[in-house]
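Below you'll find the structure, written out as structure tokens, and then a few comments.
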Amino acid sequence: MTLDKAEARRTALAARDEAHDPERDRFAQARLRTALAPLAGRPIAGFLPIGTEIDPLPIMAELATEGPVGVPITPSLGHPLSFRAWTPETPLIDGKFGTRWPAEGDEVVPEVLIVPLVGFDRAGNRLGYGGGFYDRTLEALRAVRPTVAVGYAYAAQELEELPLEPTDQPLDAIVTEAETLRFT
């Protein structure tokens, strides 16, 4: 039986809260480093974790020494994300929905995205927070050129089935502390 989106989010967020642990983050970071190594130097977008989200910052810092790294600027609902250049030293300001982003900086148009998620399945589908920002962003980027989307989460956030919509954009890979799943 497929859960509705609200129920699926509650289930996955509770699992994420339970799984949140810096030791798990270190295992996942090692996997993320390996998964992204062939893509180093290309424009990459990551995210600044909020709450109990898994932490990609050490890997983003490494990648920023090899090429541009951006973080999302959350627009109003119904629009895709834009990305502003980030390094570990970049001053941040408070954004929407509990996010933070660089106070200023150049726009980064990523070819690779490290995508936060609430839940995922083994087919490469992602459940987000419900705003559709990453789906719109990936659709727009992929309309221009190939764009790699790597979901990043704790293994506990896996759901057997996700409630999907035609606008949902698939992931090319999912990296957790337990494994790396590839779909392309």
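Whole number in Å², please: accessible area per residue of segment 90-184, 1.4 Å probe, ligands, DNA and RNA not counted.
Per-residue value: 47 Å².
Applying 1/(1 + (r/R0)^6) with R0 = 25 Å to the Cβ-Cβ distance of residue 66 and residue 107 gives a FRET efficiency near 0.85. Take every Cα pair under 8 Å whose residues are at least 6 apart in sequence, average their separation, divide by the length of segment 133-184, and the relative contact order is 37 percent.
A simple charge model with +1 on the Cβ of Lys and Arg, -1 on the Cβ of Asp and Glu and nothing else charged puts the dipole of the chain at about 300 debye relative to its Cα centre.
Multiplying the residue separation of residue 82 and residue 23 by 0.36 nm and removing their Cα-Cα distance gives an extension gain of 18.1 nm. Each residue was assigned an accessible area with a 1.4 Å probe, and for residue 77 the value is about 120 Å². Near residue 73, once Lys and Arg are set to +1 and Asp and Glu to -1 for all other residues with Cβ below 13 Å from its Cβ, the sum equals -1. A simple rule links phi to the HN-Hα coupling: the Karplus curve 6.51 cos²θ - 1.76 cosθ + 1.60 with θ = phi - 60°, which for segment 116-130 gives x, 8, 8, x, 8, 10, 6, 9, x, 8, 10, 10, x, 7, x Hz, with x for Gly and Pro. Ordered from largest to smallest accessible area (heavy atoms of protein chains, 1.4 Å probe), the residues 106, 55, 121, 4 come out as 106, 4, 55, 121. Normalised by the number of residues in the chain, the mean separation of alpha-carbon contacts (under 8 Å, six or more apart) gives a relative contact order of 26 percent.
How far is the Cα center of segment 66-98 from the Cα center of segment 103-169, in Å? Cα centres, segment 66-98 to segment 103-169: 15 Å.
Ordering 47, 156, 81 by the projection of their Cα atoms onto the charge dipole of the chain, which places +1 on the Cβ of Lys and Arg and -1 on the Cβ of Asp and Glu, puts 81 at the extreme positive end.
A Förster radius of 22 Å combined with the Cβ-Cβ distance from residue 180 to residue 143 puts the calculated FRET efficiency at roughly 0.25.
What value, in deg cm²/dmol to 500, does the helix sum -39500 (n - 2.57) over DSSP H runs of n ≥ 4 give at 222 nm once divided by the residues of the chain? So the helix-based figure for the chain works out to -8500 deg cm²/dmol.
Given axes a ≥ b ≥ c from the Cα gyration tensor, I'd like to know whether segment 20-120 is rounded (a/c under 1.5), prolate (a/b larger than b/c) or oblate. Here segment 20-120 falls in the oblate category.
Computed on protein heavy atoms with a 1.4 Å probe, the accessible areas place 141, 113 in the order 141, 113, largest first. At a Förster radius of 30 Å, what calculated FRET efficiency corresponds to the Cβ-Cβ distance of residue 39 and residue 96, to the nearest 0.05? Result of the calculation: an efficiency of 0.60.
The values are calculated or read from the model by the stated rules, or taken from the named source; none is laboratory data. Because the structure is predicted, anything quoted here is derived from the model rather than measured. Backbone-built Cβ (ideal geometry, glycine too); neighbour counts: all protein chains shown. These area figures cover heavy atoms from the full protein model, side chains too; ligands, DNA and RNA do not enter into them. Shrake-Rupley method; radii C 1.70, N 1.55, O 1.52, S 1.80 Å.
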